[in-house]
Structure formats: structure tokens, C-alpha cells
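Please treat every number below as a calculation from the coordinates, not as lab data. Quick caveat, the model's predicted, so the values are computed rather than measured. In this analysis, Cβ positions are derived from the backbone assuming ideal geometry, glycine residues included, and neighbour counts consider all displayed protein chains.
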Amino acid sequence: MSAPLVMGKGWEGLVRVPDEEEFARIPERSEGRNFGFDYYYPLVSRSRKIKEVYRIVKKVAKTDATVLICGETGTGKELIAGLIQFISHRAEKPFVRVNCAALPENLLESELFGHEKGAFTGALRTHIGKFEQANGGTIFLDEIGDMSLATQAKILRVLQEKSFERVGGLKTIYTDVRVISATNKDLMKEIAEGRFRLDLYYRLAVITIHLPPLRERREDIPLLAEYFRRRCCAEIKKNVPGFTEEAMRLMVNHWWPGNIRELRNMVERAVLIVDEGKLIGPNDLGMTGKDYFAAGGTDRRRDGSVVFTSDTLNLEEIEKRAILAALSRTDWVQKDAAKLLGISPRALNYKIAQFGITHPSWKKHV
Ligand SMILES: Nc1ncnc2c1ncn2[C@@H]1O[C@H](COP(=O)(O)OP(=O)(O)OP(=O)(O)O)[C@@H](O)[C@H]1O
Ligand SMILES: [Mg+2]
């Protein structure tokens, strides 16, 4: 058996983190792309929402339906888009990303559809646009909520007619591309306010995938933190054996506005600054004072109050946190925790099963 994965009492039994052997089996890179963990993630994730996402991903990968991926910044939209292509029959064909937010309007058209030599001043040679480059494969329209209305009209035309002309060109070019798009904006709001075309929305969003923010899948935080710790340790060849209980508690309670990207950066930074051989502690996480206290930092008397930090008013989430806080205060003795919670042991047992909470000490007692 491998060393404890997440140090300190409380969290180590909560998630099933893959052990060393399993980690070794996760391919870091497939075909030059870093999808290894994503591919593996649903197998170890405890989040029902994530399992549902991957169930849809697998289904849509087999089709050519357009897919719209929505989610806050850093939730993994681009990774999911790449994954869909990777497991689709187009895997061997190009995956071309277009950042719709980053290009000025006049360039966007030539970027998307290409231009003929001499089409405009500076067009010294023929340029093959993204839609043509992606032929046979997938085009990933990123930040789609930031497109101008004029560009939206052009994209709509390609989707409807499956053809376009290069700027300054007369020949109609037919392409076979699968379109995946992503946004962190609320497109319904954009539509209501006249900034996004409803007809384009229907074309792009035959299937919509919502990636839940990290704060709605807290059960996966220890798992992801552990994954990033291991990967970073291996990369920089440094021995950082794990996290202290307090550090893990802070991470689980943090509200993660930057989602998985923020978590990865936080863990990588911590691995870099912590002393060799030491566990990552609260101070290595580099949280701002505000975030630190909001996540229930330092003041041990506030132990239970982390349950009621204002980042969520979701009853199920609050209930789960109350149960976890009670269990951790009572050293995971269910009878005592039930008393603390004011419910019967039977009711608690039911909730524990419902939320999938486990702890190693229970195997001996139950
Ligand atoms: N399932 C995952 N496994 C491992 N790493 C992940 C996963 N999801 C996201 N990440 C990490 O988070 C980072 C952000 O992911 P990605 O770029 O796909 O997010 P995004 O939703 O497109 O963000 P943005 O809206 O800011 O463009 C990635 O670089 C990757 O390191
Ligand atoms: Mg992105």
C-alpha cells in the first residue's frame, strides 16, 4: 500500500484518491495532448455532476452534433472540448481552436475563412482559414459569448450552408467540420439583451454541457489537489508528501472563483515554496487574509462555522458540511455526531450513505 494520500484525520477517507499504482497507469499525455487525467477523472470523481458530464461527453463524442460547453472560468471547458474530439471518430483529424474574444472583427473573418492573395492591402499570400484547416476534424470556438453580431452572422452562415468563401475569393469551399463552442457568459442573458443571436444559439447548442464550478463539487477538491501535488512533485523532482489537515480543510472550504485553474496554481505554488519533505500547511497556500478567514482559517473555535460561510445557500451542501463538521469534531463516531446534529443515528447513517461519505475507521466498527 502507498503512503497516506491526504494527511490528517478527516479527509483521507472522504475521497478515493488513486494510489501510486493507479496514478502510474494514468497516461499523462495521449497523442501529445494532456487528456490523461480528464479521461480518468470520472472514474475517481465522487461528484454526481461530473459523472453526468462525462456520460454526456461519451455519448456526444460518437455524433457530429454541435456542442456548447458552459462554465465559469477555469472549470475545464477547453479540456472537455479536446476530450470530445479525442474520443470521437475525428481523433486523427485536426482540432483547431479559435479565440473569438481575442481577434479584431476585420481580422476574424480572414482568420476563420482565409483570404486570397491580394484580397486587401497586406494580403501578400493566400491564407487558409481556421474552418478550412479544421476540415475533417473539429473547430473549437472559444469565448463565443464575446463575438460581435456581424461575426455571429458569418458563423451562422457556415453552420447552415456548410460552406464559405475566402475573403476576396469567388470559389465556394465546402467543409466537413464538427463545431464545439464554449463560453463563460450566460448566453440566455446575452440573447435577452440583444447581444447574441437566438438562431445561432440553437445551431451551436444542439447539446449543452454545463461544467459545475469547483465549489459545487467540493468532494473532488482533495482528489484534484492530490493529483496536482503529485504531478508537480514528479515534474520538479521534489518530495512533498502531502497536505496538513488544516490546509486541506481550507482548500475544501475555499470558494474557488478561478476553479480548477486556481486550485492547480495554488497547489503548484505550495509545492514550490514548502520545505522539502514537509507537508503543505495553511501558510503555503498563499490565500489572501479574506479568503483564509472565509474558508474557516486559524480560529479553531469557528470550527463548525465554516458550514455557514456565505458562499453557498444550497441546503444539501450546507447539510453535508454540517455532517462533516460534526463527524470531524466527534472523531468520526457516528453516534456522537448524530447527537451533535440533533438527529437519530439511523437518520445520520442514511445521510452518510446518501452523500457517499466514508472514513477508514468505520470499517472496524460498522
Ligand atoms: N479535469 C481536469 N483535470 C486536470 N486538470 C484540469 C481539469 N479541468 C481543468 N484542469 C486545469 O484547469 C486549467 C483550466 O482549464 P481550461 O483551460 O480547460 O478551462 P476553461 O474553462 O476553458 O477556462 P477559461 O474560461 O478561463 O478559458 C487547465 O489548464 C488544467 O490545468
Ligand atoms: Mg478556455
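Contact order for segment 313-366, expressed relative to its length and based on alpha carbon pairs under 8 Å spaced 6+ residues apart, stands at 25 percent. The C-alpha radius of gyration of segment 201-300, expressed as a fraction of 2.2 N^0.38 Å, stands at 1.23. Stokes-Einstein at 25 °C, 0.890 mPa s, Kirkwood radius from Cα pairs: D for segment 48-211 in µm² s⁻¹? Stokes-Einstein gives a translational diffusion coefficient of 151 µm²/s.
With semi-axes defined as the square roots of five times the eigenvalues of the C-alpha gyration tensor, the equivalent ellipsoid of segment 313-366 measures 17, 12, 10 Å, largest first. For residue 70, the shell of other residues with beta-carbons less than 10 Å away shows a net charge of 0, using +1 for Lys and Arg and -1 for Asp and Glu. Would you mind checking the pairs 49/130; 93/189; 49/185 and listing those with alpha carbons more than 23 angstrom apart? Violating the 23 Å Cα-Cα cut-off are 49/130; 93/189.
Bridges between two residues of segment 48-211, per DSSP, are antiparallel at a rate of about 20%.
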